[in-house]
1. Across the range 700-828, how large is the tail of the calculated P(r) beyond 20 Å, expressed as a percent of all Cα pairs?
2. Could you run the Karplus curve 6.51 cos²θ - 1.76 cosθ + 1.60 with θ = phi - 60° over the range 790-802 and give me ³J(HN,Hα) per residue in whole Hz, x for Gly and Pro?
3. Specify, per residue and in Å³, the volume enclosed by the convex hull of the alpha carbon atoms belonging to the range 530-681.
4. Amide H neighbours of Leu143 under 5 Å, at least 5 residues apart or on other chains, H built in the peptide plane: list them.
5. Show me the ranking of peptides 437-446, 656-665, 872-881 by mean Cβ neighbours inside 10 Å, starting with the highest.
6. Of the trypsin sites (Lys or Arg not before Pro) in the range 528-597, which ones lie in a loop per DSSP and count no more than 14 other C-beta atoms within 10 Å?
7. Given Ala618, Val574, Ala696, which one lies farthest toward the positive end of the charge dipole of the range 574-704, if we put +1 on the Cβ of every Lys and Arg and -1 on the Cβ of every Asp and Glu?
8. Amide H neighbours of Leu528 under 5 Å, at least 5 residues apart or on other chains, H built in the peptide plane: list them.
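Values in this text are rule-based calculations from the coordinates and carry no lab data. Since the structure is predicted, the reported quantities are computational estimates derived from the model, not experimental observations. As a convention, Cβ positions derive from the backbone with ideal geometry for all residues, glycine included, and neighbour counts pool all protein chains shown.
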Amino acid sequence: METIDDASTRDAQAVARALQVDPDTGLSAAEAARRLRRYGPNQLRAAPAVPVWRRILAQFRDPLVYLLLGAVVVALAAWLIEGQDSWPVDAVVIAAVVLLNAALGFAQERKAANAVAALARMTEVTASVLRDGERRRIPGAELVPGDVLLLDEGDAVGADARLLTAAALRVQEASLTGESEPVLKDAATLPAPAPLAERSSMVFKGTAVVQGSGRALVTATGMCSEMGAIATMLDETREEPTPLQREVARIGRLLGIAVVVIALVVVATILALSEIGGIGDVVTVLLLGVSLAVAAVPEGLPAILSLVLALGVQRMAARNAIVKHLSSVETLGAATVICSDKTGTLTRSEMTIQRIATASGDTRVTGVGYAPQGRVETETGAPVGGALRAEHVVVLGGGSLAGNAALRQAGDGSWEIQGDPTEAAFLVAERKLGTDARRHRRFERVQEIPFSSDRKMMSSIERDLEQGGGLVLVTKGAPDVLMQRCNRIRVGTEVLDFDDASRAEALADVERLSGEALRTLAVAYRPLSEAEAASPDEGLERDLIFVGTVGIIDPPREEAAEAIAEARRAGIRVMMITGDHPRTAARIAAQLGIAAPDAVALTGADLDALDAPALAAAVRETAVYARVAPVHKLRIVDALQADGNVVAMTGDGVNDAPALKSADIGVAMGITGTEVTKEAAKMILADDNFATIVAAVREGRVIFHNIRKFLRYLLSSNMGEVLTVFLGVVGAGVIGLDAAGGDGLVLPLLATQILWINLITDSGPALAMGVDPETEDVMARPPRRPTERAIDRRMWQSVISTGLVMALATLLAIDLHLPGGLIEGSSSLEEARTAGFTVLVFAQLFNCFSARSETVSAFRHLFVNRWLWGAVILSTLLQIAVVHLPPLNLAFGTRPLSSGQWLLCAALGSVVLWFAEMRKWMARRG
């Protein structure tokens, strides 16, 4: 048996011979079983499930986590050298943070995976085939090349197949080609190879029959099908890390180097400038070095990042967006381009009659979709009456009669159709005119002349119960073809000759509607005699009475235009990439504000003619692409990314999946999206609403803004701890520390105090800042550049200067309490160290308010974040406890402070806030 490369250009009988099957009897059961063993099940190759242990280990693949695990090892080593007198608190705390972060990330990703699974359609596809000369219903997975498929209305097409026969067969191929309208199929052999959307003699796996019937020979199954080819392309598409993942990795590397340098410099400085009295002092210095390393690294950063992103994911889930990976939310915030499919994403995927043109004039039909809400009115908004209404009754009633669709209201109040969406459009418009009930009572179907691609029309023979039971032939079809069969025209209630003038006017109506990118269909009729009706064939479609033409379109979603406007305000470019007709795509794009009214869509053929430089230039200028294949979508996404864009790609069809995976973030439709698309995407919209994407963009921007807030806070606070120790050792003689310590090693802060500061000031306030409400209009600014750092030069300047002010305020507090130094004091070393310790805690708590913005005053929106105030109050109470409770005094080397000393510490700590306010004031003026 030979391979069938392009069955669409080969005669059906030749294909049957190549497949070694008799089309009249189909395969035998034994031969089908043999071929199933040879070719395998008719299924797409599924990605192997990732074991749980690998998903858990993946949570530890982060430079910051590596750094923290290294700190655990160093802390344990120092604990062992020190003599194991107590628990290794620092090592235990850091390890707990790492494990908590891993557990959180694993739990969230598992929850997202479960949500994706809940969206999957669990029903198994079945197919009707001819086996051993009998009709059988089998699971779709058991289809093999050579099977004879029996196709009927409502069937899912289980495999790629060459048509043997087709009777008014229409197939919905939007999920594969992006074509919004059902495609008419014909068994005739194509003269030459054609694009996928134009292979009329073929049906494809993953599509659905919406009208008619047919028989077809299966030519390809599983991964050999057109859907399998897309799945293969999907497997070969490389998935890039998100901007946030790249930035966090860079921060981890940077901090890793900084920590090693800081620890080595501080330890070397202490050893060089201090008198070491023995191994105990050496261990103290090493432990301080580890503590500084921990202080310099915001060990809570991975956990806080995960928590902030997880909370963002929860907020998005409440708005019908399911995020599969935490970092994907932030990636949308960085998006510079959103590439959107048209059908079902920007449009409703519900064919709607929008205009009607008859001899007495034009009207418009309000309302969109299948819900019969709206009315037929003139251009001025007046109701339709007189001759115009009489003509419209016949146009819409005739179009409804010459069709087989059904419109019904579901139990939840929504409206749904059965059959061809274009035929259903007549039923909806007729209900808006209010004449459907009378038509149902008046006419009774006698016979039908099915649609064919040669005639481009279909007809229905109806018995008119109001006119004595007479017969009438009602026809609808392509206007240019139908007019050739008309010799009369209906004007009001009269029938006149279809002369040259009236024919020219009717043709002008068609041209005008087509120019508005509307699909046109015309309606005609004529009375029949009983004798004529006895032999219903194409010969009856002559001497017709022309009535009028309708303009049909798949209308855009109402909320899509607002969402696109909001995206444009945010500096995000929206592009339409569709398999639909170029003119239709351009019109919808203009209506939604994606492109100018005179914009021209580039087609797949146009893209094939462009080399890489020309394509790069095209994607910078063109916003609408039509009649494109999956490979074209990939090329567009790749060209945009090569030009420095962060690309979000939306889609619902199988043909969208490779581009979704290649994009920085792929967004699949949860209702109309295929399972392949959902698997490839990083985010799924449960409501298929484009506006949800823009809401995700806003959420992503708020999250990144908050990430910068707590990074600024954590790094500046930790910088204050490092500089306090370093400057305290270097300037020990200046502030009186050397005299207070006698001959031993004296440090401004103890290692346990540094760990305590990290414990009470890092995680709680930083996490609260990570969920800070939106206090600035994040959609009023352009997207951040992909090369923009989360920690840029301006932030580093702020971090270092703030840390320096903290250190100076802390050392000033120590100097004020110690005898000697710049300012004479009278307190003990323990009391002075407690005061400095408390000042540093207060400085960091004040810093969490000023770190919320680089330019906006801390006093603006001061009370909008109750979580931040809660974290500050809790940290203050814990600091009071460590200063005044005797057990904690012993553990942390502290002494109780008087109320005056507390006020002094608070005043010195607030210097950080006033310094930040002055810096922001200068920045705003500059």
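1. Tail of the P(r) past 20 Å holds 56 percent of the pairs.
2. 5, 10, 9, 4, 4, 5, 4, 4, 5, 4, 5, 5, 5
3. Here the figure is 196 Å³ per residue.
4. Amide H neighbours of Leu143: Asn42.
5. 656-665, 872-881, 437-446
6. Numbers: sites: Arg542, Arg557, Arg568, Arg569, Arg573, Arg583, Arg587; in loops: Arg542, Arg557.
Filter output for the range 528-597: Arg542.
7. So the residue we want is Ala696.
8. Leu471, Val472, Leu473
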